[in-house]
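Throughout, read-outs are computed from the coordinates displayed, never taken from laboratory work. Keep in mind it's a predicted model, so treat the numbers as computed, not measured. Cβ sites come from the backbone with ideal geometry, for glycine too, and all protein chains shown count toward neighbours.
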Amino acid sequence: MTSNLQSKIYVAGHRGMVGSAIVRNLEAKGFTNIVTRTHVELDLTNQAAVEAFFETEKPEQVYLAAAKVGGIHANNTFPAEFIYQNLMMEANIIHQAFVHGVKKLLFLGSSCIYPKLAPQPMREDALLTGKLESTNEPYAIAKIAGIKLCESYNRQYGQSHGIDYRSVMPTNLYGPGDNYHPENSHVIPALIRRFHEAKVNQLPEVVIWGTGTPRREFLYVDDMAAASVFVMELDKVIYDQQTDPMQSHINVGFGSDVTIAELAKAVGNAIDYQGSINFDPSKPDGAPRKWMNSSLLANLNWTPLVPLRAGLALTYQEYLVNKDKKYFE
Ligand SMILES: NC(=O)c1ccc[n+]([C@@H]2O[C@H](COP(=O)([O-])OP(=O)(O)OC[C@H]3O[C@@H](n4cnc5c(N)ncnc54)[C@H](OP(=O)(O)O)[C@@H]3O)[C@@H](O)[C@H]2O)c1
């Protein structure tokens, strides 16, 4: 059922990269009643505060894009925070949404829910078929719990209360609002920062860890937001045909991947870095390939609009505008 443009929609995590893109997408579509709270205004790990928020605002729909997110270093150093905070946010929001009559909810997971050795490209049915990557296992377990919370509430209360809680699993994302922290950012923002600094300081080369041969998939965040709204708005009959009550999540990928060397060249071009790009094969490469199978979404006629080159140019423009703000430190 397509939502009414006046529906009251709560976007949790609206200041994050994905949440802010979801708000942009909803506003561009004409939705006029979007409710938000900053982390300071509402700590989503606080059960009583989340209950009071739902009691006061009574949203009709929820996009759950709030999470404690970080790279390998942060996940390894703070595993307790990653599992506890993510479980609490999901449990509080999904339960209070149910209690307060929210009929439609979309939970955002991550490709790290899939086993470390899942066949590539990773299909939705690879979930729970093997051991997870150990570095972010606590985070991945929390994300799997989020999917299972949605499924369990649907199974128990879907018929009686008319609820329909769905999940999407994004591939690696990039775009405006990304995190450019020197030790704690994903590969695209890390490369943008390094190439930009090399250009400004007229360095003759940028050296990248590893061989440059691993393949990775990247999706521009506004495409992710578009896919999120698309899945939320999908007719229930079609969603139910494509999913199973105990395997209800949908992958969201770009559809193809690139090598790290190709990515580095594309970032260098976006920044107009004139020096050379070299690789240090003595450093670890990580998994040879991480790629989502997004054919389920493609069969529903959703395709991403922003190719890597255009997405990198847009991302770099935003980096230039915002790089001196504290958010990017
Ligand atoms: N970025 C990617 O490449 C990627 C890839 C796959 C999946 N995802 C998924 O997409 C979702 C959003 O990711 P993102 O990249 O947009 O992350 P992000 O930029 O870090 O945004 C997360 C947001 O959640 C908020 N938040 C965290 N803890 C909170 C709490 N206790 N109470 C209230 N708000 C809280 C953060 O606020 P503060 O900053 O103020 O704490 C932030 O605004 C996550 O579920 C993530 O797993 C992201």
| said: Please compute, for the alpha-carbon atoms of the chain, the extent along each of the three principal axes and give them in descending order in Å. | reply: 65, 40, 39
| How far is helix 137-161 tilted off the main Cα axis of the chain, in degrees rounded to 10, range 0 to 90? | 30
| query | Just the C-alpha atoms of the stretch 52-92: what Rg/Rh do they give, with Rh taken as the Kirkwood radius? | reply | 1.12
| What is the chain's relative contact order, in percent, from Cα pairs under 8 angstrom and six or more apart in sequence? | 20
| In the stretch 246-265, which residues have a backbone nitrogen under 20 Å from the label point lying 7 Å from Glu205's Cα in the Cα-to-Cβ direction? | 260-265
| request: Quick one: angle between helix 260-271 and the longest Cα principal axis of the chain, in degrees between 0 and 90, rounded to 10, please. | output: 80
| query | Hey, rough spin-label estimate for Thr2 and Thr56, points 7 angstrom out along Cα→Cβ, what's it come to in nanometres? | reply | 3.4
| note | Per the Cα gyration tensor, the stretch 196-250 corresponds to an equivalent ellipsoid with semi-axes, largest first in Å, of 42, 16, 6
| query | Quick one: what do you get for the stretch 69-190 if you divide its Cα Rg by 2.2 N^0.38 Å? | reply | 1.15
| remark: the stretch 163-177 and the stretch 103-154 have their Cα centres apart by a whole-number Å value of 12
| query | Per-residue HN-Hα couplings for the stretch 209-222, Karplus 6.51 cos²θ - 1.76 cosθ + 1.60 at θ = phi - 60°, whole Hz, x for Gly and Pro? | reply | 4, x, 8, x, 8, x, 10, 9, 10, 9, 10, 5, 5, 5
| task | Please report the orientation-averaged projected area of the stretch 75-146, defined via the convex hull of its C-alpha atoms, in nm². | result | 5.2
| note | Placing +1 on each Lys and Arg Cβ and -1 on each Asp and Glu Cβ in the chain, then taking the dipole about the Cα centre, the residue among Gln156, Ala118, Val62 whose Cα reaches farthest towards the positive end is Ala118
| query | Where the eigenvalues come from the Cα gyration tensor of the stretch 223-329, what are the semi-axes √(5λ) of the equivalent ellipsoid, largest first, in whole Å? | reply | 34, 19, 13
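For Asn46 and Gln241 in the same chain, what is the full-extension length gain: residue separation times 0.36 nm, less their Cα-Cα distance, in nm?
66.6 nm
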| task | Just grab the label-to-label distance for Ser282 and Tyr84, each label 7 Å out from Cα along the Cβ direction, in nm (one decimal). | result | 4.0
| field | Within the stretch 1-124: Cβ-based charge dipole about Cα centre, in debye rounded to nearest 20 (Lys, Arg +1; Asp, Glu -1) | value | 400
| query | Working out 0.36 nm times the residue gap between Glu183 and Arg309, then minus their Cα-Cα distance, what length gain in nm do you get to one decimal? | reply | 42.9 nm
| request: Multiply the residue gap between Gln274 and Leu296 by 0.36 nm, knock off their C-alpha separation, and tell me the result in nm, one decimal place. | output: 3.8 nm
| field | Sequence-distant lysines (8 or more away, or on other chains) whose Cα lies within less than 24 Å of Lys290 | value | Lys68, Lys116, Lys131, Lys143, Lys148, Lys265
| request: For the chain, with a Gaussian network of springs between Cα atoms less than 10 Å apart, report the residue from Leu106, Leu305, Leu26 with the top mean-square fluctuation. | output: Leu305
